[in-house]
Amino acid sequence: MDAGYSLVAAIRCATLNGAGLLSLPEKGELVIGRQATLVVLDGGPDSFPVNLARPAILISSGRVVSNQAA
């Protein structure tokens with residue numbers, strides 16, 4: 001990444017660390033029993049953030065909103 005972060009660190013900053021910064025401890029990580037909002041990308045972290053513009057599947061509050069992978 002341009003800022004010197006590894007890809008995994010950049011994704012963590014955008015999710016878990018971001019939720020903590022916003023005082024949302026129940027957000028930012030996948031935990032059994034919680035509803036999730038996910039953006040599923042077609043490709044590995046090495047193609048992040050380029051493939052963010054074309055998510056394969058969107059899941060919001062545990063429901064599939066869009067499924068381009070089907």
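Results, tabulated for the structure shown:
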{"read-out": "Helix-only mean residue ellipticity at 222 nm for the chain, each DSSP H run of n ≥ 4 adding -39500 (n - 2.57), per residue, nearest 500", "value": "-5000 deg cm²/dmol"}
{"read-out": "Principal semi-axes in Å for the chain [√(5λ), Cα gyration tensor, largest first]", "value": "20, 19, 8"}
{"read-out": "Protection proxy ranking, peptides 26-36, 55-65, average beta carbon neighbours within 10 Å, highest first", "value": "55-65, 26-36"}
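No value in this document is a laboratory result; all are computed from the given coordinates. As the structure is a computational prediction, the values presented were derived from the model and not from experiment. Positions of Cβ are backbone-derived with ideal geometry, glycine not excepted, and every protein chain shown enters the neighbour counts.
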